[in-house]
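Values in this text are rule-based calculations from the coordinates and carry no lab data. Just so you know, these numbers come straight off a predicted model, no measurement behind them. Neighbour counts are summed over all protein chains in view; Cβ atoms, including those assigned to glycine, are modelled from backbone coordinates with ideal geometry.
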Amino acid sequence: MTSQQRNDARPQLPLGSAARGYRGVIQRIAAADAGSALSAHELESRLIELGFVEGARVEVLHEGVIGRDPIAVRVENVTIAVRRREAMAVIVA
Amino acid sequence: MHLALVGTPNSGKTSLFNALTGSRQKVANYPGVTVERKQGGFVTPLGRQVSLLDLPGTYSLRGRSPDEEITRDVVLGRTSGEAVPDLVLCVADSTNLRLTIRLVLELKRTGRPLMLVLNMFDIATRRGVTVDVARLSEALGVPVVTSIAVRKGGTAELLRRTDEIAAQVPIPVQQNRWQPLTIAELRATQREADRIIAATIGLPAKPDTWTARIDAVVLHPVAGLAILALILFVMFQAVFAWAQPVMNLLSSGFTALGQLVHDTLPAGLLQSFLQNGVISGVGSVIVFLPQIIIIFLFILLLEDFGYMARAAFLMDRIMGGAGLHGRAFIPLLSSFACAIPGIMATRVIDNRRDRLTTILIAPLMTCSARIPVYTLIISAFIPARLIWGWVNLQGLVMFGLYAAGIASALGCPSSSSSSCCVTTRRHPSCWSCRTTRCRAPAASPSASIPGRRCSCSGPAPRSSR
């Protein structure tokens with residue numbers, strides 16, 4: 001079973017909703033849907049610059065103490081901390 | 001010959017800069033902005049004089065913040081008064097090449113001569129990262145060298161290649177074809193970078209376990225907060241108590257000096273000027289030096305160990321709820337001891353508006369100088385009674401005063417204030433931070449004042465919730 005097949009079968013969800021320990025692959029960036037005050041263009045650019053591109057593997061490592069925010073996500077082999085609000089722009093499966 | 005150091009934050013750029021220039025550095029500001037300008041000089045093995053500029057860390061040339069704009073402008077040669085770099089050294093953390101390779105691809109478009117420096121190579125080798133340097137150089141089209149900035153002799157290869165490149169006079173420069181990248185181009189560049197990495201770099205089978213283990217404890221909901229509380233307690237004790245003897249010494253020293261002036265000079269304008277103006281004025285500022293040194297030492301250590309980013313991670317929600325940046329907890333906590341080192345500690349906050357907000361509310365925290373005043377007034381006006389049979393009324397009032405200070409400090413930034421010139425209703429800016437692996441700080445005295453180490457995103461106030 002290729003990874004693409006596996007991803008088609010799994011439900012898609014925004015990374016901001018993922019629980020701790022979640023592992024997946026980035027499907028797309030939907031910056032307009034996130035509730036961030038940054039413009040969609042700016043948010044998407046920043047996410048790509050930090051390595052959030054389609055096909056990258058992500059794993060949610062840690063979450064903050066209060067309100068489970070922010071989250072520490074490993075993207076390929078880089079660990080990035082983002083707020084869940086901005087992570088809602090990243091759709092994973 | 002002019003060189004410039006470019007790279008993502010936390011790539012060891014500054015360590016490399018220090019290793020190359022030693023103590024021959026000049027630190028100033030770029031004109032018109034509060035961005036630090038670090039320039040140094042060194043001599044290559046073949047006797048060539050080189051001027052080296054350490055540019056602020058950036059992920060791309062887009063210029064999201066004043067720091068990144070400076071990097072972009074210097075590389076493109078747009079800054080008046082700055083020499084266009086003859087060679088741009090792109091410094092990379094060898095364990096984390098993904099983002100830097102993309103930056104290299106973007107830098108290539110500018111046409112400036114480029115060289116990729118794989119820094120921290122010893123750590124990468126130890127972790128099992130294998131790099132085919134020749135193939136990488138061929139795939140990228142730029143010379144690639146490895147370096148270990150913190151080890152003696154670790155920059156030898158870099159110096160040798162610099163001489164080689166400098167020997168081709170004039171160094172071939174291509175046309176500047178750089179434009180701000182569109183999103184599609186950003187994606188394509190990242191994909192290209194990933195492809196090159198897959199072809200030339202072998203990653204270890206399992207990720208860094210040491211850092212993962214430390215993070216499991218440090219970022220744990222209970223243990224992490226306990227560790228943070230302990231560290232903050234030690235820091236607080238240090239600023240509060242340990243600095244006291246030295247401060248008293250300095251204070252009495254300056255008083256003695258003033259007395260000496262008083263006894264030596266005849267009474268008059270000069271004596272008063274020297275004793276009450278110069279010595280007293282300068283003395284009252286220098287008296288705070290021990291506290292400032294201690295807090296800077298702690299910040300340096302936390303930053304170098306990589307703990308600062310993790311602490312900001314834990315505190316972000318609390319600080320965010322009050323409209324503050326996650327890294328504001330250190331200045332605010334230090335303000336309980338004394339607001340002066342607390343305000344100076346706000347330099348760890350990158351965003352100018354967040355920093356200004358923290359500076360303005362830091363004095364609201366009850367500092368130690370107010371304790372004798374509180375004690376005196378409370379004992380004068382509040383009767384020594386017991387409430388509910390066991391709570392001392394005077395102690396309760398003291399606690400209430402502390403709580404009122406904290407509440408006003410935390411409530412200020414989040415309450416709307418249209419008359420305030422600094423902030424209107426706002427929330428902390430978009431924040432994303434790359435947590436680096438935990439590492440032992442280098443033993444060499446390459447201590448720069450802690451600046452923009454954590455790669456936090458730039459300013460952008462959110463709309464109200």
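Once amide H atoms are placed 1.01 Å from N in the peptide plane, what residues at a sequence separation of 5 or more from B:Val6, or on another chain, have their amide H within under 5 Å of its amide H?
Counting only residues 5 or more places away or on other chains, the set is B:Leu89, B:Cys90, B:Val91.
Please turn the phi angles of segment A:79-93 into ³J(HN,Hα) values with the Karplus equation 6.51 cos²θ - 1.76 cosθ + 1.60 (θ = phi - 60°), one per residue in order, whole Hz, x for glycine and proline.
With the stated coefficients, segment A:79-93 comes to 9, 10, 9, 9, 7, 4, 4, 6, 5, 5, 6, 9, 9, 10, 8 Hz.
Let me have the 222 nm mean residue ellipticity of chain A computed from DSSP H runs of 4+ only, each contributing -39500 (n - 2.57), with the sum over all residues rounded to the nearest 500.
Working: 3 runs with 21 residues, N = 93.
Counting only the DSSP helices, I get -5500 deg cm²/dmol.
When you count, for each residue, the other Cβ atoms within 10 Å and take the mean per peptide, how do B:380-387, B:358-365, B:14-21, B:218-225 rank with the highest first? Could you put the intermediate results ahead of the total?
Details: B:380-387: 9.8, B:358-365: 21.0, B:14-21: 23.0, B:218-225: 16.2.
The packing order, highest mean first, is B:14-21, B:358-365, B:218-225, B:380-387.
For segment B:226-257 and segment B:135-152, what is the separation of their Cα centres, given in Å?
Here the two parts' Cα centres lie 45 Å apart.
Using only alpha carbon pairs under 8 Å that are at least six residues apart, calculate the relative contact order of segment B:2-202 and give it in whole percent. Please list the in-between numbers first.
Details: 361 pairs, mean separation 43.8, N = 201.
Answer for segment B:2-202 is 22 percent.
Go ahead and estimate [θ] at 222 nm for chain B from helices alone: -39,500 (n - 2.57) per DSSP H run with n ≥ 4, summed, over the residue count, rounded to 500. Before the final figure, lay out the partial values.
Numbers: 19 runs with 226 residues, N = 465.
So the calculated ellipticity at 222 nm is -15000 deg cm²/dmol.
How large is log10 of I(q)/I(0) for the protein assembly as shown at q = 0.10, 0.12 Å⁻¹ when the intensity is taken from the Debye formula with one equal scatterer per alpha-carbon?
Here log10 of I(q) over I(0) equals -0.92, -1.24.
So what is the orientation-averaged projected area of chain B, using the convex hull of its C-alpha atoms, in nm²? Don't skip to the end; give the middle numbers.
Numbers: hull surface 120.8 nm².
In nm², the orientation-averaged hull projection of chain B is 30.2.
Considering every residue in A:54-62, what mean count of other chain Cβ atoms within 10 Å of its Cβ is obtained?
Values: counts 3, 3, 3, 0, 0, 1, 0, 6, 11.
Per-residue shielding by partner chains comes out at 3.
In peptide A:85-93, how many Cβ atoms from other protein chains are near each Cβ within 10 Å, on average?
Working: counts 5, 4, 1, 0, 0, 0, 0, 0, 0.
If you average over the peptide's residues, the count of other-chain Cβ atoms is 1.
Just need the relative contact order of segment A:3-92 here, percent rounded to a whole number, with Cα pairs under 8 Å and 6+ apart.
Worked out over segment A:3-92, it gives 41 percent.
Which distance in Å, rounded to a whole number, links the C-alpha centroids of segment B:317-339 and segment B:386-400?
27 Å
Which residue, B:Gly111, B:Thr264, B:Gly400, has the largest displacement toward the positive end of the dipole of the protein assembly as shown when charges sit on each Cβ (Lys, Arg +1; Asp, Glu -1)?
B:Gly400
In degrees between 0 and 90, to the nearest 10, how far off the longest principal axis of chain B does helix B:371-381 point, with axes built from Cα atoms?
The angle comes out at about 30 degrees.
Just how far, in whole angstrom, is segment B:166-186 from segment B:21-100 if you go by their alpha carbon centroids?
Cα centroid of segment B:21-100 versus Cα centroid of segment B:166-186: 16 Å apart.
Calculate the dipole size of the protein assembly as shown relative to its Cα centre from +1 charges on Lys and Arg beta carbons and -1 charges on Asp and Glu beta carbons; express the result in debye to the nearest 20. Please list the in-between numbers first.
Numbers: 58 positive and 38 negative charges, 157 e Å.
Computed about the Cα centre, the dipole is about 760 debye.
Given Cα pairs under 8 Å that are at least 6 residues apart, what percent is the relative contact order of chain B? Could the numbers behind the result be given before it?
Values: 696 pairs, mean separation 55.4, N = 465.
Here the relative contact order equals 12 percent.
If you fit an axis through the alpha-carbon atoms of helix B:66-76 and take the longest principal axis of the Cα set of chain B, what angle between them do you get, 0 to 90°, nearest 10?
Result, in degrees: 20.
Taking every pair of alpha-carbon atoms in segment A:3-92, what share in percent sits in each 5 Å bin, from 0 to the bin with the longest distance?
3, 16, 27, 27, 18, 8, 1, 0
In nm, to one decimal, how far is the B:Arg353 label point from the B:Gln271 one, both placed 7 Å along Cα→Cβ?
5.6 nm
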